[in-house]
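Every number here is computed from the coordinates shown, using simple stated rules; none is lab data. The structure displayed is predicted, hence computed values, not measured ones. Cβ atoms come from the backbone with ideal geometry, glycine included; neighbour counts cover every protein chain shown.
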Amino acid sequence: MTVEEKVKETLHNTDKTNLINEYILESLTYPSMKDREDDVMEAHRDTFSWIFQGRDAPQAKQETSALNESNDFTKWLSTDDLGSIYWISGKPGSGKSTFMGFLNEHRETGARLQHWSDGTQLVTANFFFWTSGSYDQRSQRGLLRYLLYQILQQRPELTAWAFPELWLKSQDTKTRVTSPPKWTVTDTMEGLRNVVELAVKESKVCFFIDGLDEFDGDKEEVVRLLKSMLEGKMGRVKICVSSRPWSVFEDAFQEVPQLKLHDLTASGMDRYAKDKLNADPKVCEILQKEPEAGRKFQEELVAKADGVFLWITLAVRSLVENGTVEDGVAGLEKKLQGLPADLDDFFCYLLFQTRPSTELADQSRIIQLVRAREDICDFTRDDSARSITSYQLAFALGVAKLPSHGPISQIPDGELIGMNEGVKAQLRDLCADLLLLQDRDPIKARFSRNKSRPDGKSPRVLAESRIGYLHRTVRDFLLDISMWNRILDNGDSSFDPHMQLLRSHVQQLRHPLEEPESHRRLDDWWPDIVLAMTHARNAQEGSHSAQFALLDDLNETLNWYWAKKESDPLDNWARNAFGAYEVRMKRKIPFHHPFLSLAAKFGLGGYLRCKLESRNFAYQAGIPVLSHAIELLIDRRKTVYPLSSPALIQTLLEQGENPNEIYQDLFGRSQTTWLLALQYVREGDRRGWISAKSRGENGTERWMEIMSTFIRHGADPDALVVADSMDPAATALDVSNMLVEKYGFQEFVEFNDLLIKSGATAVATESR
């Protein structure tokens with residue numbers, strides 16, 4: 001029976017077909033899938049309505065005068081006369097994402113596309129690239145998955161034929177539970193091509209893709225991908241894209257209909273400025289007293305914006321906040337003249353102009369905390385925590401006035417309200433709302449356990465609002481190296497954002513948003529544990545004593561939460577962080593110092609030194625701390641843990657850890673840390689982790705230093721690694737000879753010499 005016949009046979013069971021459709025659709029989702037689309041600023045009243053009013057409409061004449069027969073957007077939507085791609089370009093801050101959101105949602109877009117589809121089913125899908133967001137929000141993988149998700153949501157009957165092998169595998173319930181799809185770029189690329197190919201037989205498809213310049217990769221690659229979706233499908237597929245006017249996009253789209261948004265928004269800006277200025281009582285009074293002068297002032301304001309909508313938004317806010325009735329229009333004009341025309345200069349003006357040093361220091365703390373969280377999440381690959389919440393920031397800034405010790409208890413509503421208001425005020429007063437609180441998606445809030453009010457605006461929901469950038473250009477500005485150095489110079493050199501965020505995580509556990517509960521669900525705390533331990537590793541050396549105390553507090557707090565089994569004297573929350581090993585190998589091993597083992601995996605060398613010097617943690621049984629410290633000797637393997645550190649290994653060996661200590665591993669075999677290190681080196685060779693590209697202080701030089709440190713601290717130079725299913729038996733010298741002969745790197749040669757000088761003579765295999 002062919003694959004097609006097998007698939008067709010499964011489709012007779014409607015209920016199961018619907019179940020598997022939902023299963024595959026759900027597997028395509030990712031947490032941040034709709035965040036950027038939801039966060040895009042809603043267009044102000046009538047700002048972009050000119051796009052649908054026709055080139056001859058008097059109320060849109062200023063904008064549409066730049067449009068002609070060859071780039072008429074409404075004609076492009078309605079017909080095939082202008083080709084399959086339409087390009088919208090614009091300066092930074094000109095409102096491209098807002099415009100794309102407007103087009104994507106506007107009923108007129110749908111009506112004109114329906115005219116184009118001419119009675120066939122219309123399928124639409126969108127994607128908003130976002131360089132400040134999660135990996136999936138700025139990557140090809142995220143683009144492909146979300147487009148696939150949207151098409152299959154509208155055409156679920158295509159799923160079985162687009163992914164026939166996955167469809168057949170998913171018939172088995174156990175497979176659906178234990179082996180969810182991995183969705184590599186190759187899989188999703190092939191899947192999207194299949195889906196589009198199938199969809200166009202009975203449908204017409206239109207994509208809206210915003211922010212190609214925010215794609216985290218080769219820009220030409222994403223252009224090629226989009227164009228490949230059009231091949232052989234003229235009249236069946238359309239793509240509307242937006243980007244900054246970079247040369248790579250100008251070259252790619254020079255022959256397609258297009259519009260430059262910054263040249264077409266004058267009257268929309270005029271309407272925006274008029275509405276916002278007149279909404280403020282004092283400014284409205286000024287303009288009404290001098291109507292002619294007020295009209296000219298508004299013209300000057302729009303002209304100075306030069307098509308950059310973000311600039312006029314900030315300018316109007318600044319004028320409204322600082323305008324006084326007594327100064328009249330002349331006063332407003334003087335203030336307007338004092339506003340920088342360049343967007344980056346305007347950001348500098350808002351953040352730094354006339355601020356005392358104390359405010360600049362407080363501002364620096366906030367920005368450093370936001371940046372520190374982003375850096376940590378880049379390392380741990382935890383996109384869900386990339387943006388810090390109001391609740392987390394309040395603890396890090398010391399806005400919350402709660403005891404560090406004492407009973408663990410739910411934070412009171414009154415305290416939360418004060419924290420939320422305090423954070424909001426600091427962002428407004430110190431950061432000019434260039435950093436601001438972004439309300440949680442109401443759909444997400446609806447599924448939160450914090451539902452004290454039906455509108456999703458309870459203090460506990462607001463506490464989970466995340467701090468974000470007003471616009472992508474703000475983040476670009478703050479990440480500029482010269483600007484970052486200025487922000488650091490404005491701050492207190494003793495301020496350590498990682499220490500404060502470690503403190504914040506401990507406080508969150510001691511004063512949670514929900515009623516604290518003792519249980520054994522480690523996953524509930526694991527994201528906070530990972531962030532806390534990673535912030536601890538990145539903390540400044542000068543803060544060690546405070547850092548160690550906070551790590552002790554973290555351990556003690558989690559011990560309080562952990563519902564310990566009284567029958568098991570070694571039961572501990574940290575021990576269960578290693579539980580997956582035992583489940584996989586069906587062996588239970590003792591952990592006498594589980595928090596130290598976990599600290600070793602997270603690379604907390606200073607903490608381990610402090611603990612090992614202060615009391616006796618002599619090895620008793622189970623896997624030694626030293627073995628946990630070298631688990632990621634060659635490669636991180638997509639974990640949250642850092643690569644094994646030479647300094648950490650040196651610390652453990654100096655404190656008495658024995659590289660030749662014999663213990664039973666998870667397979668029940670006799671093992672030592674030194675033998676394990678040799679096995680990891682062979683695994684690295686077998687898996688292709690060792691190459692010229694892996695050289696350097698974070699690659700081969702790093703782990704060769706660790707291997708040399710073992711030898712200098714008494715590791716057995718004639719140690720023998722027994723044969724297993726992957727590799728034959730080999731001595732330490734065999735492994736070293738293999739590295740020299742196969743790769744020839746200088747660091748390998750030097751290690752080989754050290755090994756021989758240390759007495760290595762045994763060889764178990766012939767020279768390779």
(request) Using θ = phi - 60° and the Karplus relation 6.51 cos²θ - 1.76 cosθ + 1.60, list the HN-Hα couplings for the stretch 89-97 in order, rounded to whole Hz, with x at every Gly or Pro. (result) 10, x, 4, x, x, 7, x, 4, 5
(request) Report ³J(HN,Hα) in whole Hz for each residue of the stretch 467-482, in order, from the Karplus equation J = 6.51 cos²θ - 1.76 cosθ + 1.60 where θ = phi - 60°; Gly and Pro get x. (result) 7, x, 8, 4, 7, 4, 5, 5, 5, 4, 4, 6, 7, 4, 4, 5
(message) To test your reading of the geometry: what angle, between 0 and 90 degrees and rounded to tens, separates the Cα axis of helix 746-757 from the longest principal axis of the chain?
(response) 20 degrees
(request) Could you check the simple spin-label distance between Trp560 and Leu666, using points 7 Å along Cα→Cβ, in nm with one decimal? (result) 3.3 nm
(request) Compute the length gained on full extension between Glu290 and Lys401: take 0.36 nm times their separation in residues and subtract their Cα-Cα distance, giving the result in nm to one decimal. (result) 35.0 nm
(message) Which one, Val3, Pro646, Ala266, is farthest towards the positive end of the dipole of the chain when Lys and Arg carry +1 and Asp and Glu -1 on their Cβ?
(response) Val3
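Could you tell me the relative contact order of the chain? Use alpha-carbon pairs under 8 Å, at least six residues apart, and round to a whole percent. Don't jump to the answer; show the numbers that get you there.
Working: 1031 pairs, mean separation 68.0, N = 768.
Rounded, it is 9 percent for the chain.
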(request) With label points built 7 Å along Cα→Cβ from the Cα atoms of Leu570 and Lys227, find their separation and express it in nm. (result) 6.2 nm
(request) Kindly express, to the nearest 10 degrees and within the range 0 to 90, the angle between helix 357-380's C-alpha long axis and the longest C-alpha principal axis of the chain. (result) 60 degrees
(request) Calculate how many DSSP beta bridges within the chain are antiparallel, expressed in % of all such bridges and rounded to the nearest 5. (result) 30 percent
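Can you give the FRET efficiency to the nearest 0.05 for Asp552 and Asp433, using r as the Cβ-Cβ distance and R₀ = 45 Å? Before the final figure, lay out the partial values.
Values: r = 39 Å, r/R0 = 0.86.
Calculated value: 0.70.
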(request) Figure the gain on full extension for Ser482 and Thr358 (residue separation times 0.36 nm, minus the Cα-Cα span) and round it to one decimal in nm. (result) 42.6 nm
(message) Please list, in order along the stretch 679-695, the HN-Hα scalar couplings obtained from phi with the Karplus expression 6.51 cos²θ - 1.76 cosθ + 1.60 (θ = phi - 60°), rounded to whole Hz, x for Gly and Pro.
(response) 5, 5, 5, 5, 4, x, 5, 5, 8, x, 7, 9, 7, 4, 5, 8, 6
(request) Please list, in chain and number order, the residues 5+ apart from Ala719 or on another chain whose amide H is under 5 Å from its amide H, with Hs placed from the backbone. (result) Ala732
(request) Assign unit charges at the C-beta atoms only (+1 for Lys and Arg, -1 for Asp and Glu), then state the dipole size of the chain relative to its Cα centre in Debye, rounded to the nearest 20. (result) 1280 debye
(message) Residues of the stretch 701-727 with backbone nitrogen within less than 18 Å of a virtual label 7 Å along the Cα-to-Cβ line of Ile756, please, listed as ranges.
(response) 708, 711-712, 717-719
(message) Per 0.36 nm of contour for each residue apart, how much would the distance between Asp524 and Thr639 grow if the chain were fully extended, relative to their Cα-Cα spacing?
(response) 39.6 nm
(message) Taking just the alpha-carbon atoms of the chain, what radius of gyration and Dmax come out, in angstrom?
(response) 30.7, 98
(request) May I ask you to list the residues of the stretch 235-252 whose amide nitrogen lies under 19 Å from a point 7 Å from Cα along the Cα→beta-carbon direction of Asp218? (result) 247-252
(request) Over all alpha-carbon pairs in the stretch 266-339, figure out the percentage whose distance exceeds 20 Å. (result) 16 percent
(request) May I ask you to list the residues of the stretch 734-759 whose amide nitrogen lies under 11 Å from a point 7 Å from Cα along the Cα→beta-carbon direction of Ala692? (result) none
(message) Return the Rg/Rh ratio of the stretch 655-768 with Cα-based radii and a Kirkwood Rh.
(response) 0.94
(request) Please list, in chain and number order, the residues 5+ apart from Val237 or on another chain whose amide H is under 5 Å from its amide H, with Hs placed from the backbone. (result) Val205
(request) Would you grab the residues whose amide H sits under 5 Å from the one on Phe127? Only those 5+ places off in sequence or on another chain, please, with H modelled 1.01 Å from N. (result) Phe208, Ile209, Asp210
(request) Rounded, prolate or oblate: pick one for the stretch 552-704, where a ≥ b ≥ c are the square roots of the eigenvalues of its C-alpha gyration tensor, a/c under 1.5 means rounded, and failing that, prolate if a/b is larger than b/c, else oblate. (result) prolate
(request) In nm, give the distance between the simple-model label positions of Lys424 and Thr120, each being 7 Å from the Cα along the Cα-to-Cβ direction. (result) 5.0 nm
(message) For the stretch 181-226 and the stretch 529-581, what is the centre-to-centre distance using only Cα atoms, to the nearest Å?
(response) 43 Å
(request) Using a Förster distance of 30 angstrom, determine the FRET efficiency expected from the C-beta separation of Leu19 and Lys182, and round it to 0.05. (result) 0.90
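Under the classification rounded if a/c is under 1.5, otherwise prolate if a/b is larger than b/c and oblate if not, where does the stretch 131-254 fall, given a ≥ b ≥ c as square roots of the Cα gyration tensor eigenvalues? Show your work: numbers first, answer last.
Values: a/c = 2.65, a/b = 1.51, b/c = 1.76.
Oblate, because a/c is 1.5 or more while a/b does not exceed b/c.
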(request) For helix 309-322, report the angle its Cα long axis makes with the longest principal axis of the Cα atoms of the chain; keep it between 0 and 90° and round to the nearest 10°. (result) 80 degrees
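Given a Förster distance of 22 angstrom, what is the FRET efficiency for Val740 paired with Glu683, based on the Cβ-Cβ distance and rounded to 0.05? Walk me through the numbers on the way to the answer.
Working: r = 18 Å, r/R0 = 0.83.
Computed FRET efficiency for Val740 and Glu683 comes out at 0.75.
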